[in-house]
Amino acid sequence: MVINMREQLAELKERALAAIENADSIKSLEDVKVAFLGKKGELTTVLKQMGKLTAEERPVIGQIANQVREEFENTYSVKINDLKNSDILKRLETEKIDITLPGTRLKSCSRHPLNIVLDEIKEIFTSMGYTMVYGPEVEETRYVFDLLNTPEGHPARDEQDTFYIDDKTILRTQTSSVQIRTMMSQKPPIAVISPGRVYRCDEVDSTHSPIFHQCEGLVVDKGLTFGDLKGTLETFFKRLYGNDIKLRFRPHQFPYTEPSAEVDLSCFKCGGKGCRFCKGEGWIEMLGCGMVHPQVLRNCGVEPEEYTSFAFGMGIERITLMRYEIDDMRLLYENDMRFLRQF
Ligand code: DAH
């Protein structure tokens, strides 16, 4: 029995080592391992016969079997390294990379003109001590209208009444809603701007879009006057457009300010003489503003006997068109690279 198994093991070893030697790929080498050491492998099968040996024979054969396994594994690991190395060499030879070929060039990008201008607006106002606040675009009608002194049935609501989600929820038509949210959540003194997207039922043309951007401003403090509002807006526009720009405050009516004004700027194309761009007027309407109505302050829990407040809301598109002398708003939305790359 012992002699028989000794011979079997010796023969097995010869064959296994030869098979390792002859394997010409990692796959076939692995197959050899399974055939020899696997659950149903040849060595395993031989070892299963150990039970038939006597107690003295078993350790002798066990030792031989271990030596066979060890030799197999050593030879196997040398061979598998050889195969891996030659694989790499083969790939190096066949998969040549021509490093002199030109690579794929990354197109350089530029910021969108609306963002450039918005950043300038933020920069100017933050340097004057304002902070930024934001409000939701899907907004409750009370913040967009009611608390801004514009109850249901008010004519000013008609012009903007649009894009309802349900009876009490609307895509905001103005950033003035953020004034209310701010006064309700912060104690005066307050100085904030709030840029963001707004929605209107407007047809697209060279000066209108159903989605556009506004920047709201709100200051609440003791003793503020219309003079503070004028000074603030003059400082802002002179920093944005240069000292030659002129502002004109025209009386107007907004339900949430008293007094209210619209502000025109002297036309950037003709400097005020009148041209196609300003429709012969010499002035371009830029924003709405005024002293916040005492009732609006009261609505938000601010005492109008103690505090006064001014507010303004400007269209960022309009400011951008004027900043870059662009004569059609649609260019801002068309994503034409020939246009966008110029900024
Ligand atoms: N909300 C106005 C609009 O969309 C602009 C405006 C006017 C904002 C007067 C204000 C304001 O804060 O006081 O045309």
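I want to verify a result. In a Gaussian network model of the chain, Cα cutoff 10 Å, which of these has the top mean-square fluctuation: 69, 248, 330?
69
Lys/Arg Cβ at +1, Asp/Glu Cβ at -1, dipole of the stretch 1-142 taken about the Cα centre: which of 34, 138, 102 is farthest positive-ward?
Farthest along the dipole direction, towards plus: 34.
Between the alpha-carbon centers of the stretch 269-305 and the stretch 126-146, tell me the distance in whole angstrom.
Value for the Cα centre distance between the two parts: 18 Å.
What ranking do 167-173, 214-220 get when scored by the average of other Cβ atoms within 10 Å per residue, highest first?
Values: 167-173: 17.6, 214-220: 23.7.
For the peptides 167-173, 214-220, the packing ranking is 214-220, 167-173.
First compute the accessible area of the stretch 119-203 with a 1.4 Å probe, then give the percent of it belonging to carbon and sulfur atoms. List each step's numbers first, then the result.
Values: 2030 of 4200 Å².
Using a 1.4 Å probe with all protein chains present, the stretch 119-203 comes out at 48 percent carbon and sulfur.
Assigning unit charges at the beta carbon (Lys, Arg +1; Asp, Glu -1) and nothing else, what dipole magnitude in debye, to the nearest 20, does the chain show about its Cα centre? Please list the in-between numbers first.
Details: 45 positive and 53 negative charges, 158 e Å.
Once rounded to the nearest 20, the dipole reads 760 debye.
Which value in deg cm²/dmol, rounded to the nearest 500, describes the helix-derived mean residue ellipticity at 222 nm for the chain, given -39,500 (n - 2.57) per DSSP H run of n ≥ 4 and division by the residue count? Could the numbers behind the result be given before it?
Working: 12 runs with 147 residues, N = 343.
Result for the chain: -13500 deg cm²/dmol, rounded to the nearest 500.
Mind checking which aspartates and glutamates have their Cα closer than 14 Å to the Cα of residue 90? Skip sequence neighbours fewer than 8 apart in that chain.
24, 82
Percent relative contact order of the stretch 113-340, based on C-alpha pairs within less than 8 angstrom and at least six residues apart? Each step should come with its number before you reach the end.
Values: 423 pairs, mean separation 48.6, N = 228.
It rounds to 21 percent for the stretch 113-340.
Of the residues 292, 204, 192, which exhibits the maximal mean-square fluctuation in a Gaussian network model of the chain defined by a 10 Å Cα contact cut-off?
Comparing 292, 204, 192 in the GNM, the peak value goes to 204.
Could you name the lysines whose alpha carbon sits less than 26 Å from that of residue 48, not counting residues in the same chain fewer than 8 places away?
Candidates past the 8-residue exclusion: 13, 33, 39, 40.
Report the local net charge at residue 265: Lys and Arg +1, Asp and Glu -1, summed over other residues whose C-beta lies under 12 Å from its C-beta. All intermediate terms of the calculation are to be shown ahead of the outcome.
Numbers: positive: 238, 246, 248, 250, 269, 318, 323; negative: 234, 244, 262, 264, 281, 285.
Combined, the nearby Lys, Arg, Asp and Glu give +1.
Under 24 Å between alpha carbons: how many lysine pairs meet that in the stretch 113-340, if sequence neighbours fewer than 8 apart on the same chain are excluded?
Count of close lysine pairs: 19.
If you fit an axis through the alpha-carbon atoms of helix 2-22 and take the longest principal axis of the Cα set of the chain, what angle between them do you get, 0 to 90°, nearest 10?
Once rounded, the angle reads 50 degrees.
Which value in nm describes the separation of the simple spin-label points at residue 343 and residue 88, placed 7 Å from the Cα toward the beta carbon?
According to this spin-label approximation, the distance is 5.1 nm.
The values are calculated or read from the model by the stated rules, or taken from the named source; none is laboratory data. Because the structure is predicted, anything quoted here is derived from the model rather than measured. We place every Cβ from the backbone using ideal geometry, glycine too, and count neighbours over all the protein chains shown. Calculation scope for accessible area: heavy atoms of the full protein, side chains included, ligands and nucleic acids excluded. Shrake-Rupley method; radii C 1.70, N 1.55, O 1.52, S 1.80 Å.
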